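Below: the structure, in structure tokens.
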Amino acid sequence: MTALVALLALPLAGALAAVVLPHGAVRGMVPALSVAMLAATAVLVAGLSAQAPTRLKLGQWPPPVGIVLEVDGLAAALIAMTALVMTAAALAALRSEQPAAAGARAAFGFWPLMLLLWAALNAVFVSRDLFNLYVGLELLSLASVGLVAIGGKPEALAAAMRYMLFALVGSLLYLAGVVLVYAAHGTLDIGLLADRTPAKPDALALALMTAGLMAKTALFPFHVWLPPAHGSAPAPASAMLSALVPKASFVILLRLWFEAMPDRAQDGALVLLAVLGTAAVIWGSLRALLQTRLKLVVAYSTVAQIGYLFLVFPLAGGGSAEMPWSAGAWTGVLFLALAHGLAKAAMFLAVGQWMAVTGSDRLDAMRGLATAMPMTSFAFALAAVTLVGLPPSGGFTGKYLLMTSAFAAGQWMWALVLAGGGLLAAAYLYRPLAILFARADAPGPATLPTRGMQAIPLCLAGAAIALGIASETPFELLSIGRPAAAEDGS
Amino acid sequence: MTDLATHVFTGLGVLFFLAGSVGFLRFPDIFSRLHALTKADNLGLGFIALGVAFQAGSWRQVALLALIWALVLLAAGTVSQLVARHALRERDGR
Amino acid sequence: MTWALDATLCAMILAVALATVLGRGVFRAIVFFVVYGLLLALAWVRLDAVDVALAEAAIGAGLTGVLFLAAFGRLARSGADAEPPPGRVNIAAALASAALTGALVWAWVALPLPGRPGPELAEALPRAGVENPVTAVLLNFRAWDTLLESVVLLAALVGLWMLARDEAWTEPLGLPQHVRPGGVMASFGRILPPVGVLVGAYVVYVGADRPGGAFQGGTVLAAVGIVAALAGLVRPPRVTRRAWRAALVAGPAVFLAAGLGGAALGAGFLTLPERIAGSAIFAIEIALALSIAVTLAFLVIGPPETGLEDQ
Amino acid sequence: MSGVTLYALTGAALVGTGFFGLIAARHLLRRVLAFNLIGSGLFVYLGAAGARGGEADPVPQALIITGIVVALSASALAVGLIVALARARGRAMLPEEDVGG
Amino acid sequence: MTVWLTFMAMGVLVSLAGALVRVWRGPGRADRMTGAQLAGTSGVAVLMLLAPIEGWATLDVAAILALFGALAAVGFVKALSADGGGDPEEEDGDPVPLAGDRND
């Protein structure tokens, strides 16, 4: 309980302090804060493994009067992944920040926005109140847009503006659904909603909220904002935005379809979500193949990887709910989400270091960089292993669980998507890897990042692999408080 | 008696408002239209405030009515002056 | 008869909204939007939601309007106020919009009778520390929403400041303002602030028992600051002034500290013990109103600018 | 038809009107205006739902006040972005939509 | 009394609609802004008329409306001055010319 409060309050307090304190003090505060957050995460996870989900009634008011927070395995796993990625991104930002070059403006803005983003993510992961989730999402979106705009170049401004428009539309659609839910049921609490008699407008509310969250998650065809936004933010910001932010709206989708309204999930709608996910895998991969800037390759890869997450809907919801294969699909998708977060953050942080060295993120500028910077190149390769889904990575575990579930359900086409998507990922990641590990034409760069700096992406990519090797612990964690719909029916 | 006063004053006030609007629509240029804004409407608002004051249950409410009217008067005076200057400049600037 | 008033009001709201969307010219759209906010405030009064009416009058009609007007002026000076000529009528968009409206109308008809937390709220209200139920929901029952909302404002402001030019970063916020000494605007800027501070403080103060509260009152105080700045009475500060940055975070900080205090005392995060709930909420409201006032004023005034870049 | 229903229908119509503006307009300031129309339309709808059956429900009112403040925050950031974008590009439109005119 | 006041409020709304016609037609930006100002005064009048019906807290809304009406108008003249910070009473600095649509 204390750990949960700390995980919510620390980043908020840190953000407030980062607005007031002088820059030097903020730089000193951030590592301490990250350590405290990691410690609180460890306490939270340890406390959770022993028992059922932790519930916190804010202000001691039970719903429908008050707001309930609940930490289940899903929330705890994402909080932990967020803590790792945020810490890594913060360390990378601390080490790469050059006050003279970056300017006092960017140096001032980065830390409050980053900490507000962290607070918003944790708040969304644990909230069980639909309107509270709306406020959390807005905080997330505004902080993200600010981080994209921090670059200040015209492309960054256009990307931030486009992001803002999609975020606004997404919020409004989600809000429309929330309004309908409250009008029909007089409560916003997910737990209470699950027990209410279904009302006629529920399907419309669910559709509106889902559409809004799809725009925020950047599911095809609402993905157009993502690559330019993630491509033009500073590298540590891109790492957070790509690894973490789409997961928040995805978690809300899971809460809606599996916890708040599982019995209102129509099979057709579930299949449609997975079809859009399939389209995202194909389209994102093809676009990634065509990019000449490495950051855009990585960003389009996020579009494709987000697509996989939507395969969970037909495999664990609707007619598949409480079937022998539904738990596997649920856990598999969460493995994919966690592995993608760690691997994607590693990639963006590695690219950021290469950009600092070569001055550009064009693919042809990276030729032979592996000789000079083997650690970051190895990190990129490990992250690629995870994204392709090769053993023994966390990506492999996720895909394996999903594929087994798809065959068991007789829905083999989703298995095909997983296999085909892996091949496509191998194709678009082979290009940068081949260039990196090619023989260098020119002498290596004169100044290199420190070894500690180069180790940061390696740690993240290593964690993504470790997720697959030691899959037992996360597997146990993710099964805590799994919604009934995704529970093993056997 | 108080009800009668309310009827009379609010009725008068609304008449001023309607007259002001007609003037505002029909007057030929911005400067004469600004007259409609400052004269007829503020007079109308004064009558309405007076009429409603007869329904008030406490002096606090009456004071608030008076304050609001004063606030609107102040704003209207300032605004018409500034907007007129602005319009003059906009016209001459072309 | 009352029904006719509602019908007239609704028709006018719709007409103004349509004029905002369909009329030519961005400036016209902005002016219609200002009127729209004003009419909505009337609608909220008719819907028995005076707290919302206060917020709408202050924020919807007032601050948002000033924000858009200032943006229009800046766009006009960059030559970006022009709109492209209207293309074909966008039939797909019209159909989608009609479908959305139709769906909401259908939902209204299909809504079950109000299921609302009436009994639970009535039971909880006496322990909330304030009599105004809306304030009780905002600052006690759903305090977590309100705390997050107060940092949403902060996130928007920090994001807005990131849009400043690097060379303008150490300049005061907003454009430099100047007025004719002794002119109408200068005297207006001197008369309005005391009145506004009075009204704003009053709205915050009565919020515990009657319609009003930190957000509405804070917005009025923000308006005072904006008028004072526009009239050249005060100069907006620089971003580097830490006292002002402290004012930005005071409200959320006091709110968070109160929430953590509850946790430290063993009552639980964001729990206000019944004995002190009233005074705790009052303290939070005062700090929040201050921060909201400063944040909103800065949001409208804009990021630091040199004022030299235009032409 | 009761007064409350009238407001709910108005809210629904406002959402549609704003949605049209959001899709059809290209000038970004107009789009942010349209965003505000949709938001307030939803709030009117919610407020009407809360006012059903006599006694006004305070929860929607609190949600709406929160929503109004959040909408203002988003509008302020969006408007700032538009101004910065117009200063950089000379146009208040997204590059890909800036055709003709 | 309720019926009478409601009727009067409708009368003021009708006059407000007249102001809206001017906002639509213009032709100048000052005409439109003046129309909005008139609408604001009418809104204050409606709120006053509704106070005995809806409760006197309505007057608080009216006060805020009056305050913000003035703010919007000052914001207008300021925003459209030559450098975005001027005063139409000053010697120099004409309003910004329209870049686009003249009838805007």
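Each value in this text was obtained by applying a stated rule to the coordinates, not by laboratory testing. All of these numbers come straight from a predicted model, not from anything done at the bench. Heads up, the Cβs are rebuilt from the backbone with ideal geometry, glycines too, and the neighbour counts pull from every protein chain shown.
Numbers at a glance
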| quantity | calculated |
| --- | --- |
| For A:390-403, mean number of other protein chain Cβ atoms within 10 Å | 0 |
| Three-way shape call for the stretch C:1-81 based on the alpha-carbon gyration tensor, with the a/c threshold at 1.5 | oblate |
| The stretch A:123-184-the stretch D:1-75 distance, computed between alpha-carbon centres (Å) | 17 |
| Choice from C:Asn140, C:Asn90, C:Asn132 showing the highest fluctuation, given a GNM over chain C with Cα pairs closer than 10 Å | C:Asn90 |
| Too-long pairs where the Cα-Cα distance tops 24 Å, listed order kept, from A:Lys216/A:Lys295; A:Lys200/A:Lys247; A:Lys247/A:Lys344; A:Lys153/A:Lys247 | A:Lys200/A:Lys247; A:Lys153/A:Lys247 |
| For residues of A:166-179, the mean tally of beta carbons on other chains within 10 Å | 6 |
| Simple spin-label estimate for E:Thr2 and A:Asp195 in nanometres, 7 Å along Cα-Cβ | 3.9 |
| Separation between Cα centres of the stretch C:221-270 and the stretch A:1-76, rounded to whole Å | 22 |
| FRET efficiency, 1/(1 + (r/R0)^6) with R0 22 Å, evaluated for A:Val275 and D:Ile23 via beta carbons | 0.40 |
| Length-normalised contact order of chain D in % [C-alpha pairs under 8 Å, at least 6 apart] | 29 |
| Extension reserve of the A:Ala42-A:Arg439 stretch, reckoned as 0.36 nm per residue once the Cα distance is removed | 138.6 nm |
| Cα Rg, Dmax, the stretch A:284-490, angstrom units | 18.3, 61 |
| Where GluC sites (Glu not before Pro) fall in DSSP loop in the stretch A:401-490, at most 10 other Cβ within 10 Å | none |
| Coil-residue trypsin sites (Lys or Arg not before Pro) of the stretch C:235-301, DSSP, other Cβ within 10 Å capped at 16 | C:Arg241 |
| Full-stretch length increase - A:Ala104, A:Leu290 - with 0.36 nm per residue and alpha-carbon distance subtracted | 63.3 nm |
| Under Karplus coefficients 6.51, -1.76 and 1.60, residue-wise ³J(HN,Hα) of the stretch A:245-254 in Hz, glycine/proline x | 4, x, 5, 5, 5, 5, 4, 5, 4, 4 |
| Max mean-square fluctuation residue, GNM over chain C, Cα-Cα springs under 10 Å, options C:Thr240, C:Thr170, C:Thr271 | C:Thr240 |
| Inter-part distance where the stretch B:47-72 and the stretch A:396-436 are each reduced to a Cα centre, Å | 73 |
| Efficiency of FRET from Cβ geometry, C:Leu198 and A:Asp488, R₀ 56 Å, rounded to 0.05 | 0.30 |
| Computed label-point distance, nm, for sites C:Val234 and B:Ser58 using a 7 Å Cα→Cβ extension | 3.0 |
| Volume in Å³ per residue [convex hull over Cα atoms, computed for the protein assembly as shown] | 149 |
| Label-reachable residues, the stretch A:373-389, where backbone N falls under 20 Å from a point 7 Å from A:Ile469's Cα toward its Cβ | A:374-389 |
| Residues of the stretch C:16-45 with amide N under 18 Å of the 7 Å Cα→Cβ point at B:Leu25 | C:16, C:19 |
| Neighbouring partner chain Cβ atoms per residue of C:179-189, average, 10 Å criterion | 6 |
| Three-way shape call for chain C based on the alpha-carbon gyration tensor, with the a/c threshold at 1.5 | oblate |
| Separation of the B:Ala66 and A:Arg55 label points, Cα + 7 Å toward Cβ, nm | 5.8 |
| Burial ranking of peptide ranges C:230-236, A:461-467 (average Cβ count within 10 Å, highest at the top) | A:461-467, C:230-236 |
